[in-house]
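Engineer: This is the structure, below, for whatever I ask next.
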Amino acid sequence: MHTINLLIRLVEHYQAVVYALIFVGLIFEGEFTLISTGVLIHLGVLNLPLTLILILLGSLTKTFYCYYLGKLIYEKWNHLKFLKYIEKRVNYFFPHFQRKPFWSIFISKFIMWLNFSTIVFSGYSRINFKTYLKAEIFSTIIWAPLLLMLGSFFSFAALNISHEVWRYSLIVVLFIIGFILLDKIIAWIYEFFEEFYDIE
């Protein structure tokens with residue numbers, strides 16, 4: 001029966017690959033990447049200062065990349081039907097997006113799989129870049145540490161239940177699934193609130 005040391009040795013052996021995955025993961029996803037990073041930080045297999053620098057660089061890369069991707073899409077492909085889908089999705093969650101872009105962008109960071117569409121749409125809509133950047137930076141300052149701590153907590157709780165690697169991994173995955181479901185419920189409540197109450 002393999003203990004958690006197997007996972008620790010595996011990550012230590014492929015540490016450079018893990019750091020690269022964290023950076024790339026933050027550009028294309030975010031939540032799962034940060035929670036997993038928090039798990040590995042708790043296990044002591046990642047260098048904390050280097051990890052924080054990679055998180056900062058990955059988040060900033062996504063911030064700039066998505067905004068300018070949105071601007072490029074507007075200039076080159078604004079007739080595509082897919083863009084109507086993104087616009088509809090963002091406006092569904094944030095009907096006040098044009099009037100209150102800061103809060104729409106800020107809140108989108110905390111709703112899984114919505115932030116990417118929102119920040120691309122920010123560039124597409126040519127939202128003021130300073131407003132956009134402030135919203136992204138302030139939301140990331142709260143969002144990233146929260147998810148890292150959540151991952152550390154999941155790891156701590158899983159270790160208190162089992163040191164067997166497969167059971168530990170299964171418990172962490174179940175915690176992450178629970179978090180995703182909770183996030184979906186919160187998103188649903190937010191949708192309901194936005195639909196029936198005009199937030200000023």
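The values are calculated or read from the model by the stated rules, or taken from the named source; none is laboratory data. These figures come from a predicted structure and were not determined experimentally. Cβ coordinates were reconstructed from backbone atoms using ideal geometry, including for glycine residues, and neighbour counts include every protein chain displayed.
Engineer: Checking the structure you have, find out if any residue of the range 12-29 is out of contact with any Leu (no Cβ under 8 Å at 6 or more places or on another chain), among the aromatic types (F, W, Y) and within 19 Å of Y132 (Cα to Cα).
Structural biologist: Scanning the range 12-29, I find at least one residue that is out of contact with any Leu (no Cβ under 8 Å at 6 or more places or on another chain), among the aromatic types (F, W, Y) and within 19 Å of Y132 (Cα to Cα), so the answer is yes.
Engineer: Another question, if that's okay. In the range 21-67, which residues are of a type in the set (S, T, Y) and either within 14 Å of the chain's Cα centre (by Cα) or on the phi > 0 side of the Ramachandran plot (or both)?
Structural biologist: T33, S36, T37, S59, T61, T63
Engineer: Is it the case that the range 6-18 has a residue that's farther than 20 Å from S125 by Cα, crowded, with 18+ Cβ neighbours inside 10 Å and in contact with a helix residue (DSSP H, G or I) (Cβ under 9 Å, 6 or more places away or on another chain)?
Structural biologist: yes
Engineer: Quick check, is I161 within 26 Å of L57 (Cα to Cα) and either of a type in the set (A, V, I, L, M, F, W, C) or free of Cβ contacts under 8 Å to residues at least 12 places away in the same chain (or both)?
Structural biologist: Judged against the criteria, I161 is not a match.
Engineer: Of the residues that sit in the range 54-81 and are aliphatic (A, V, I, L, M) and either in contact with a helix residue (DSSP H, G or I) (Cβ under 6 Å, 6 or more places away or on another chain) or crowded, with 17+ Cβ neighbours inside 10 Å (or both), which one is nearest to K130 (Cα to Cα)?
Structural biologist: L69
Engineer: Of these, K88, K100, which one is over 30 Å from N5 (Cα atoms), among the basic types (K, R) and either exposed (fewer than 14 other Cβ atoms within 10 Å of the Cβ) or modelled with pLDDT of 90 or more (or both)?
Structural biologist: The match here is K88.
Engineer: Follow-up question, since we're still on this one. For the range 109-143: of the residues being small (G, A, S) and either within 21 Å of I73 (Cβ to Cβ) or in contact with a Cys (Cβ under 6 Å, 6 or more places away or on another chain) (or both), which is surrounded by the fewest Cβ atoms within 10 Å (Cβ to Cβ)?
Structural biologist: S125
Engineer: Follow-up question, since we're still on this one. Going residue by residue through the range 6-23, is there one that turns out to be closer than 18 Å to I176 by Cα, outside any helix (DSSP H, G or I) and either out of contact with any strand residue (DSSP E or B) (no Cβ under 9 Å at 6 or more places or on another chain) or not β-branched (V, I, T) (or both)?
Structural biologist: No, the range 6-23 contains no residue that is closer than 18 Å to I176 by Cα, outside any helix (DSSP H, G or I) and either out of contact with any strand residue (DSSP E or B) (no Cβ under 9 Å at 6 or more places or on another chain) or not β-branched (V, I, T) (or both).
Engineer: Condition test on K84, is it assigned to a helix (DSSP H, G or I) and out of contact with any helix residue (DSSP H, G or I) (no Cβ under 8 Å at 6 or more places or on another chain)?
Structural biologist: So K84 fits the description; yes.
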